[in-house]
1. Starting from the eigenvalues of the Cα gyration tensor, five times each then square-rooted, give me the equivalent ellipsoid semi-axes of the chain, largest first, whole Å.
2. Net charge near GLU210, counting Lys/Arg +1 and Asp/Glu -1 over other residues with Cβ under 12 Å of its Cβ?
3. What does the charge count around TYR168 come to, taking other residues whose C-beta lies under 13 Å from its C-beta (Lys +1, Arg +1, Asp -1, Glu -1)?
4. Every cysteine in the chain with no other Cys Cβ under 4.7 Å from its Cβ, please list them in numeric order.
5. Determine the distance separating the Cα centre of region 74-114 from the Cα centre of region 1-21; give it in Å without decimals.
6. For MET1, MET172, what's the fewest-to-most ordering of other Cβ within 10 Å of each Cβ?
7. Measuring from the lowest to the highest alpha carbon on each principal axis, how far does region 44-83 reach, largest first, in angstroms?
8. Could you name the lysines whose alpha carbon sits less than 22 Å from that of LYS138, not counting residues in the same chain fewer than 8 places away?
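All of the numbers you see were taken from the coordinates with simple rules; none came from a lab. As the structure is a prediction and not an experimental result, all values here were calculated from the model. Cβ placement follows ideal geometry from the backbone for every residue including glycine, while neighbour counts extend to all protein chains displayed.
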Amino acid sequence: MISYSVLGSGSSGNSYLIGYRGEALLIDSGFSYKELKGRIEVAGYAPHQIGALCLTHLHPDHARGAGVFARQSGKPVVVNQAVVELEEVVKLNIPPPQLQTFQAGVSFSLPPFVITPFETHHDSPHSVGFSIEVGGKKLAILTDTGLWDEAMVAQIEGTHLLFLEANYDEEMLERGPYPYFLKERIRGEQGHLSNGEAINLLNSLQRGPEKVYLCHLSKTNNHPKVVLKQCDEKLEWVGEVVVCHNGEQYNGTL
């Protein structure tokens with residue numbers, strides 16, 4: 001049995017855990033170590049059971065806790081090879097023996113997990129999503145991208161479980177308090193997926209996932225009720241949808 005947890009998503013911090021037979025993989029670490037440790041324990045694991053932490057990108061809400069996690073747990077942190085020398089990585093102060101790298105598009109193994117990083121479109125250099133195979137199942141994490149393309153679709157086709165960004169409602173963003181430049185950043189090609197774009201992606205899949213967690217909702221420019229209403233109206237894909245409230249934890253099994 002595979003266990004998983006949205007440890008938290010949204011502006012307060014983002015992190016995901018995938019577990020199998022006592023081993024766990026952590027994706028992103030946007031919380032303090034104390035907060036992250038508590039959430040890992042709620043998911044039924046302890047930090048020593050985490051095999052590695054893989055980072056999708058370097059924005060603080062995904063990576064701020066990576067250095068402390070590495071130093072406290074002694075576990076490796078795996079980042080895109082293309083960013084390893086950037087200041088954002090250096091500032092995390094990850095002990096050099098624990099800093100490992102991957103290449104986008106090249107699968108790598110952290111037993112029992114096989115992970116394929118794929119490129120996304122975001123204003124953090126060389127950002128990625130991940131598809132993960134373990135225990136005969138396939139999971140994928142796709143957040144923080146301004147658009148989706150066929151290469152991404154190929155990676156998430158046939159997944160059993162998908163964590164997908166639905167960051168903003170277009171009307172709420174337009175009418176909201178953000179300055180124009182920030183609105184343009186969010187809805188630009190290097191920004192985030194809107195509810196409509198996430199729904200269109202799901203509708204494009206030939207072999208959709210059994211279950212989708214719509215996550216990374218903006219506190220200001222979205223609301224779970226808005227997401228659910230749009231799903232009811234526009235979503236053609238048939239499967240279970242969970243809309244994640246900002247900062248809340250969701251645990252489950254496959």
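1. 27, 21, 17
2. Counting the neighbours of GLU210, the net charge comes to +3.
3. -3
4. Cysteines of the chain left without a disulfide-compatible partner: CYS54, CYS231.
5. 19 Å
6. Working: MET1 9, MET172 16.
The fewest-first ordering by Cβ neighbours comes to MET1, MET172.
7. Computed over region 44-83, the largest-to-smallest principal extents equal 30, 19, 19 Å.
8. Filter leaves LYS211.
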